[in-house]
Amino acid sequence: MASLRGIYTIWFRELLRFVREPARIVATIAQPLLYLAVVGKGIASTMSINGAPGGMDYLKFMYPGIIGMSLLFTSIFSGVSIIWDREFGFLKEVLVAPVPRWAVAVGKILGGSTVAVLQSVIIIVLAPMIGVGVTAKMVLLLIALSFILSFAVTGLGVAIAARMDSMQGFQMIMNFMIMPLYFLSGAMFPITTSPQWMKSVMTINPLSYGVDAIRNVIFSDTMIQVGPVTRPLVEVARAAGLIRWDLALDAAVLAGLAVLLASVAAVTFSTAD
């Protein structure tokens with residue numbers, strides 16, 4: 001019970017910090033929307049000449065990747081709160097409490113995951129603006145997938161932050177990791193059209209399975225006109241190689257990564273000085 005109370009307290013504190021910082025909410029939502037509006041529109045204009053992936057609207061192709069980007073950035077940077085709390089002394093007060101250290105790490109992971117999911121829900125609500133159909137089942141599945149993916153990525157951020165002494169060092173490592181994780185996830189361009197060496201890297205990238213799972217769900221309730229025939233977008237995407245794996249495989253890989261990375265974070269945090 002002490003461990004559960006500790007987990008809940010840390011989780012609730014992370015949630016309160018997010019709610020009480022409106023500038024943070026605006027910034028973290030504005031970044032993926034900026035990618036969608038500027039980068040997506042810019043690339044879409046060239047795709048209209050050269051042909052979009054699978055013959056679909058490029059914004060529809062990129063939209064699942066934007067959700068993945070929002071989850072990635074928010075989740076992995078939530079680990080910075082550990083360094084912040086250490087510098088200002090709050091972490092010392094937590095560590096002397098009669099709560100196991102692993103519970104503190106789990107609370108941090110749950111808090112970061114919840115914040116990331118809340119931000120992804122806002123982006124999911126905007127789906128009809130780019131012609132993506134939204135149903136209650138789709139939203140529930142996306143929330144579940146978003147939580148699993150953000151839980152895994154937050155675990156990675158907490159594991160790294162537990163061994164870092166400065167915020168500047170943590171940010172340098174995160175900036176070095178985030179962009180390759182994002183660009184090699186299939187969010188911006190299909191895995192099937194990439195060079196062979198890049199395909200191998202994209203296959204072992206955990207974010208690739210998250211983006212692929214989100215595409216599986218989002219495209220399943222959207223129809224697209226292919227010549228004189230209207231077909232489900234998910235069928236067109238699979239035929240074009242834009243969806244690589246089944247939803248069950250994607251979810252299983254993400255769940256396994258979530259358990260693994262959370263365990264590593266808990267052990268790392270427990271043994272850190």
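The values are calculated or read from the model by the stated rules, or taken from the named source; none is laboratory data. These numbers come from a predicted model, not from an experiment. We place every Cβ from the backbone using ideal geometry, glycine too, and count neighbours over all the protein chains shown.
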Open item on the list: Which count do you get for residues in region 160-183 that are under 21 Å from Leu59 (Cβ atoms) and either surrounded by 18 or more Cβ atoms within 10 Å (Cβ to Cβ) or modelled with pLDDT under 80 (or both)?
Closed with: 1
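Quick grid of which residues meet (1) within 29 Å of Met138 (Cα to Cα); (2) in contact with a helix residue (DSSP H, G or I) (Cβ under 6 Å, 6 or more places away or on another chain); (3) buried (at least 21 other Cβ atoms within 10 Å of the Cβ); (4) modelled with pLDDT of 75 or more:
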| site | (1), (2), (3), (4) |
| --- | --- |
| Val19 | yes, no, no, yes |
| Ala37 | yes, no, no, no |
| Asn50 | no, no, no, no |
| Ser78 | yes, yes, yes, yes |
| Gly89 | no, no, no, no |
Open item on the list: Scan region 110-117 and tell me whether some residue there is assigned to a helix (DSSP H, G or I), polar (S, T, N, Q) and under 18 Å from the mean Cα position of the chain (by Cα).
Closed with: yes
- [ ] Filter region 118-138 for residues that are assigned to a loop (DSSP other than H, G, I, E, B) and either under 12 Å from the mean Cα position of the chain (by Cα) or surrounded by fewer than 20 Cβ atoms within 10 Å (Cβ to Cβ) (or both) and give the result.
- [x] Leu126, Gly131, Gly133, Val134, Thr135
- [ ] Test Asp57 against the criterion of being at pLDDT 70 or above, surrounded by 12 or more Cβ atoms within 10 Å (Cβ to Cβ) and charged (D, E, K, R), and give yes or no.
- [x] no
Task: Only one of Met164, Met179 that is of a type outside the set (Ser, Thr, Tyr) and either more than 13 Å from Gly68 (Cα to Cα) or in contact (Cβ under 8 Å) with a residue 12 or more places away in the chain (or both) - done: Met164
Task: Residue count for region 1-17, restricted to those that are buried (at least 18 other Cβ atoms within 10 Å of the Cβ), under 22 Å from the mean Cα position of the chain (by Cα) and either modelled with pLDDT under 70 or not hydrophobic (A, V, I, L, M, F, W, C) (or both) - done: 1
